[in-house]
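Here's the structure, in structure tokens; my notes come after.
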Amino acid sequence: MSKSKEERIKKLKKHHIWPSVLGLFLILFIFAVIMLVVVSVSVENLLDKKLTDSIRTSEKIAESFENYDSESEKTIEQTVWSYMNILDEIQAVSVIDKDKNQVWSSSGEYPSMAEAVKVDDLLGLTHEEISIIIDDSENLLLNNDGVIYIDTSNFGDYFNPESLEDDSIPAMQVKLWLVVPANDMQVMVLHNVSVYFTDFVFMITFVLLFGIMIAIFVIYYLISIISMAFSVRKTTKIIYTDMVTGGDNWLLFIKKGTSLLKRNRKGQQNYAMLHLEMRKYRSFCTCFGVNKGQELIEKFYTALKKEIQHKEVMAHQENAAFGLLLTYTDKTQLEARIQKIENMMNYVLPGMKMYFGTGVYLVQPGERDIEQLYNNAMIACEMSGEETENKIAYFDVEMNNQKLWERKVEDDMERALANREFLVFLQPKISTSEEVLGGAEALVRWIHPTEGFIPPNRFIPIFEKNGFILKLDDYMLEEIARVQAEWLTEGRRLVPISVNISRAHFTREDLAEHICAIVDKYQVPHNVIELELTESAFFDDKDVLLNTVQKLRAAGFQVSMDDFGAGYSSLNSLKELQIDVLKIDADFFRGADVEERGLLIVSEVIDLAKKLNMKIVAEGIESREQVEFLAEQECDLIQGYFYAKPMPVTEFAQKYNG
């Protein structure tokens, strides 16, 4: 899989769930900080108010002692006691003079002034002379900012749980002495500062409302994240689902297969990559319909899925092809398992015989490029062909080299045609009666700028498969027409030169007109150009072939059947196809049975062709004995290495047509 494709798939699957989760925690943290700030500020304001009220009360009590003397002592005491009776907060009052001598105390207690702290140092109030003495319980602490707060480690010392049930009971109490100067005396007032839950109504209301808002937000956010997670899961399932089988698709096969091979980097397990395909699947769809074809693929997938074991993976690839990454112990066991799988797939449709092909690549330790490994298995299956049923083909390096060669040929063929790298060679046809030139066959040779001479068997089959043979045939026909025109201008003797017309041409109904247009461009007589077609063309569109041959013969061209006897020859083709020349394939003159059976068949074919008014050309002749035999049988022309190999046009003209 290409990196760009892999990145696009990752982006398609990615919905950024983790950023959403982190965002939720960040927002909750912000909400928590806001709540803590609000609570802290509320508590601080409450304590500030409580302390301010206590300071004001202490100041009023201190004012009573500004003119303290023995005569006013009772009046002052009454005033103090009235405050203490009215205000539960005031626990005691003590007075000392400037020399720290005890003057008066309501309770007999005189706290130490050494622990006094200025009020303005605590809260920034405008009471520069007022100080605070911390109670011996040390529950009240002072921080550097001058804020009074409660020591949480001793929270149980002053928190009253009963206050949760009774609003009249303080939630917490703190005792502190406020020291207020009055003339030359220090008036010390012991306050029991009480805090009730009712004092926190605003704060509690805010916390509840804020908490409800946070809860609603969190629920909504969680629902969004869960929905996103389901969306990711659904998207991932769609991405990795095959639309035909409903099972794992090729992307998931690559992912799982790569993971298996990564874990097997030391080669603990033997793996084989398989390309398994049903032969002639398109023909099945033509007969029974595409829907039936897809149903068949789905049944194949279901059957194959049952055969997959632990640490193996399979998926539908395309059409009726499947990729399988299987474990094996040895090749014998692997082939037996493949045969079992193919037999099992044959039972999917009872009563119908199906054929399968399997390409196998034995994975080497460290290899994990799934697509390349599968491509190797597919090449093996493709190179094996469809001649035999249920064939198992193993990939080897030569197969890959062949594919690379095909790729190079296809990359260079258009340039080669434009640059005239395809050269015409002529092989003479010699008359058996006089042993003089009676004709020639045009053969193509490719002179590649880097590969040099390339024999026809290395590029003609490729051209026939990819359709480029049509352009090459037209090129060769035009070259021969041009050569014949030059010889005609130079006054040389013209002999018929045969040019191959591939069977692929006979799909067009105007082929005869197309050939005439090419030749007529050079004003060459049609009878000096012979058009060779193979017998296999007869098995394509017979009507088009017969009509085209009739038109060509009517236009003055000679038509020959090449390689007669090379395949499954049919006498029916000789009966229906009116041709001028019959070329006997060279295989009749090779092999152990040439003397007995081969020559007998050649003799009968020549006799039959004579009776049908056809000329006979024997190709591939390499010995004098063969020449003498053909002369006895009255064969018209002989073509082969015995007389001459194919040669360039200029050499042919000098040697035979000077």
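Order these peptides, 362-372, 34-44, 576-586, by their mean beta-carbon neighbour count within 10 angstrom, highest first.
576-586, 362-372, 34-44
What is the ratio of the Cα radius of gyration of region 250-395 to 2.2 N^0.38 Å, where N is its residue count, to two decimals?
In units of the globular-protein estimate, region 250-395 measures up at 1.02.
What order, most packed first, do the peptides 252-258, 294-300 have when packing is the mean number of other Cβ atoms within 10 Å of each residue?
252-258, 294-300
Relative contact order of region 405-656, please, whole-number percent, based on alpha carbon pairs below 8 angstrom and at least 6 residues apart.
Relative contact order, region 405-656: 20 percent.
Add +1 for every Lys or Arg and -1 for every Asp or Glu among the other residues with Cβ under 9 Å from the Cβ of residue 514, and state the total.
In short, -2.
In the structure shown, do any of 256/306; 408/471; 403/583; 237/292; 280/465; 429/610 have a Cα-Cα gap over 22 Å, and if so which?
Beyond 22 Å: 403/583; 237/292.
Under 37 °C and 0.692 mPa s, how fast does region 405-656 diffuse according to Stokes-Einstein, given a Kirkwood radius computed over C-alpha pairs? Answer in µm²/s, whole number.
174
Excluding residues fewer than 8 places away in the same chain, name every one of the lysines whose C-alpha is closer than 21 Å to that of residue 50.
Answer for residue 50, where 21 Å is the Cα cut-off: 60, 118, 175, listed by chain and number.
I need two numbers for region 285-340: Rg to one decimal and Dmax as a whole number, Cα atoms only, in Å.
Computed over the Cα atoms of region 285-340, radius of gyration and Dmax are 13.5, 40 Å.
Under a no-solvent Debye model with one identical scatterer per Cα of region 339-498, what's log10 I(q)/I(0) at q = 0.15, 0.18 Å⁻¹?
-0.94, -1.13
Laboratory data are not the source of any read-out in this text; all were calculated from the coordinates shown. Worth saying up front: this structure is predicted, and the values here are computed from it rather than measured. Glycine gets a Cβ as well: all are built from the backbone with ideal geometry, and neighbour counts include every protein chain shown.
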